[in-house]
Each structure stands twice: as C-alpha cells, then as structure tokens.
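Undergrad: Would you mind keeping the following structure in view while I ask a few things?
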Amino acid sequence: MFTLPDLPYPYSALEPYIDEETMKIHHDKHHAAYVQNLNEALKDFPELAGKEPGELIADLEAIPEEIRTKVRNHGGGHVNHSLFWSIMSPSKTGLKEGNLLESLIKTFGNFETFQEKFSASAMARFGSGWAWLVKTDTGLEILDTPNQDSPLSSGKAPILALDVWEHAYYLKYQNRRADYVKAWWNVVDWPQAERLFKS
Ligand code: MN3
C-alpha cells in the first residue's frame with residue numbers, strides 16, 4: 001500500500017507565496033486522494049503494489065489495461081505531488097553556482113531566459129496540468145503535461161515541477177495563474193533541484 005508522505009515543512013512555511021490553507025487542502029485532500037485511489041486501483045494486483053510509484057508510471061504499457069488509466073492519473077498524481085513538495089522550500093537559496101546552473105546557461109543562454117520560458121510553459125498549459133524542467137539523454141528541456149501525466153512516462157527525469165491545476169493556487173490567486181507562477185520562483189529548492197540533476 002502506498003502512503004501519503006508528510007510535507008517536509010509546516011503548511012505555513014511557504015507563506016506568503018503559497019498560503020497555508022492551500023497547502024493543507026492540496027496535501028491532505030488532493031494528494032491523499034491520489035494515494036487512496038491508486039491503492040484502490042491496485043488492490044487486486046499485488047504484484048504491482050510492491051513497485052515504486054515512479055516505476056509504475058515509467059512503464060504504463062506494463063500496467064494491465066483495465067487499470068492503466070487509473071494508475072496513470074492517480075499514480076501520476078502521487079508521484080508528481082511527492083516531487084512537488086520536495087522541490088519547494090522556505091529557505092530562498094537561489095541558484096548561484098553549480099552544474100545545474102551551468103547546464104541551464106548552456107541550454108537557454110542565461111538563467112533569466114530559462115525562467116521566462118518555464119513560466120511561459122506554465123501559462124500555456126490549457127486547463128489542468130504541470131510545467132517541468134526535465135533531464136533527457138541530450139540535456140535539459142522544458143515541457144508541460146496535461147492532467148497528472150509525468151515526464152517519467154516518456155523516459156525524462158523531472159528536476160522541477162510546477163502544479164498549475166487551479167487547486168494549487170485558486171484560494172489565494174483565483175484566476176491569476178501568472179501571479180502564482182511568479183511567486184513560485186521564491187520557494188524553489190535549488191539545492192534539491194541540483195541533487196535531482198546530478199542523480
Ligand atoms: Mn495538485
């Protein structure tokens with residue numbers, strides 16, 4: 001059985017950029033529901049329940065067709081949110097040096113251009129979904145996905161993830177997704193992104 005991981009910081013830790021009430025509902029209700037629904041989908045498939053959630057998502061073709069959509073949506077929801085909490089932090093580290101920064105500059109020219117392109121991707125995602133910075137065989141790439149689809153399903157390793165479902169921002173920002181995206185940069189855990197880049 002999969003379990004809901006604790007947030008690595010208090011619900012209020014990301015204030016004022018992401019508010020406490022949103023974090024509570026997002027983690028305790030939305031993420032919890034993905035875990036519960038994933039467990040429900042897998043209850044008759046004990047051979048799958050022993051796998052890491054990321055393994056399930058990385059090879060959806062291996063999932064029996066009757067539960068594949070559920071695993072894609074709820075397993076994706078579980079994996080994506082677990083990552084999302086882990087790449088945020090109240091510590092405002094910034095990205096001043098290191099391999100990730102060098103690679104971002106190599107790929108996008110400079111850090112500001114990377115930020116602009118990532119934010120544009122988060123804004124361009126119509127409806128519910130995610131914006132990503134991923135590591136591919138050839139380097140770094142920005143992409144966005146609908147629903148709870150994960151880049152892991154196409155063999156790409158996430159380094160940053162931004163949830164742009166309305167449930168991630170509506171209480172504080174209502175329709176102003178751009179303000180939420182702008183605020184989110186203040187809570188990115190760059191040391192964690194660097195670790196994911198190197199892993
Ligand atoms: Mn969400």
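The values are calculated or read from the model by the stated rules, or taken from the named source; none is laboratory data. For clarity, every value in this text was computed on a predicted model and none was experimentally measured. Note: ideal-geometry Cβ built from the backbone for every residue, glycine included; neighbour counts use all protein chains shown.
Undergrad: Can you confirm whether residue 93 is buried (at least 19 other Cβ atoms within 10 Å of the Cβ) and polar (S, T, N, Q)?
TA: Numbers: buried (at least 19 other Cβ atoms within 10 Å of the Cβ): no; polar (S, T, N, Q): yes.
No; evaluated as a whole, the condition is false for this residue.
Okay, residues lined up against (1) under 12 Å from the mean Cα position of the chain (by Cα); (2) among the charged types (D, E, K, R); (3) under 23 Å from residue 30 (Cβ atoms); (4) assigned by TED's automatic domain parsing to the domain that holds residue 33:
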position: 138; (1), (2), (3), (4): no, no, no, no
position: 149; (1), (2), (3), (4): yes, yes, yes, no
position: 156; (1), (2), (3), (4): no, yes, no, no
position: 159; (1), (2), (3), (4): yes, no, yes, no
position: 169; (1), (2), (3), (4): no, no, yes, no
position: 173; (1), (2), (3), (4): no, no, yes, no
position: 176; (1), (2), (3), (4): no, yes, yes, no
position: 186; (1), (2), (3), (4): no, no, yes, no
position: 191; (1), (2), (3), (4): no, no, no, no
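Undergrad: Is it true that residue 62 is within 16 Å of the ligand (Cβ to nearest atom), without any contact (Cβ under 8 Å) to a residue 40 or more places away in the chain and under 18 Å from residue 149 (Cα atoms)?
TA: Working: within 16 Å of the ligand (Cβ to nearest atom): no; without any contact (Cβ under 8 Å) to a residue 40 or more places away in the chain: yes; under 18 Å from residue 149 (Cα atoms): yes.
No; evaluated as a whole, the condition is false for this residue.
Table: residues versus (1) under 20 Å from residue 9 (Cα atoms); (2) in contact (Cβ under 8 Å) with a residue 60 or more places away in the chain; (3) within 16 Å of the ligand (Cβ to nearest atom); (4) touching a Cys at 6+ places or on another chain (Cβ under 9 Å).
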| residue | (1), (2), (3), (4) |
| --- | --- |
| 154 | no, no, no, no |
| 161 | yes, yes, yes, no |
| 167 | yes, yes, yes, no |
| 175 | no, no, no, no |
| 178 | no, no, no, no |
| 182 | no, yes, no, no |
| 196 | yes, yes, no, no |
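Undergrad: Does segment 131-145 contain at least one residue that is crowded, with 18+ Cβ neighbours inside 10 Å, assigned to a helix (DSSP H, G or I) and among the aliphatic types (A, V, I, L, M)?
TA: No: segment 131-145 contains no residue that is crowded, with 18+ Cβ neighbours inside 10 Å, assigned to a helix (DSSP H, G or I) and among the aliphatic types (A, V, I, L, M).
Quick grid of which residues meet (1) within 16 Å of the ligand (Cβ to nearest atom); (2) touching a residue at least 40 places away in the same chain (Cβ under 8 Å):
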position	(1), (2)
83	yes, yes
92	no, yes
104	no, no
109	no, no
116	no, no
137	no, no
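Undergrad: All but one of (1) in contact with an Asp or Glu (Cβ under 6 Å, 6 or more places away or on another chain); (2) over 22 Å from residue 27 (Cβ atoms) hold for residue 109, so report the exception by its number.
TA: Answer for residue 109: the failing condition is (1).
Undergrad: Would you point out which residue out of 74, 27 is within 24 Å of residue 185 (Cα to Cα) and assigned to a helix (DSSP H, G or I)?
TA: Details: 74 fails: within 24 Å of residue 185 (Cα to Cα).
Matching residue, one of 74, 27: 27.
Undergrad: When the residues of segment 26-58 are narrowed to those that are farther than 21 Å from residue 6 by Cα and exposed (fewer than 13 other Cβ atoms within 10 Å of the Cβ), which ends up nearest to the ligand (Cβ to nearest atom)?
TA: If we take residues in segment 26-58 being farther than 21 Å from residue 6 by Cα and exposed (fewer than 13 other Cβ atoms within 10 Å of the Cβ), then 43 is nearest to the ligand (Cβ to nearest atom).
Undergrad: Taking the condition in contact (Cβ under 8 Å) with a residue 40 or more places away in the chain, more than 24 Å from residue 166 (Cβ to Cβ) and not assigned by TED's automatic domain parsing to the domain that holds residue 136, does residue 45 pass? Please lay out each step first, then the result.
TA: Values: in contact (Cβ under 8 Å) with a residue 40 or more places away in the chain: no; more than 24 Å from residue 166 (Cβ to Cβ): yes; not assigned by TED's automatic domain parsing to the domain that holds residue 136: yes.
Judged against the criteria, residue 45 is not a match.
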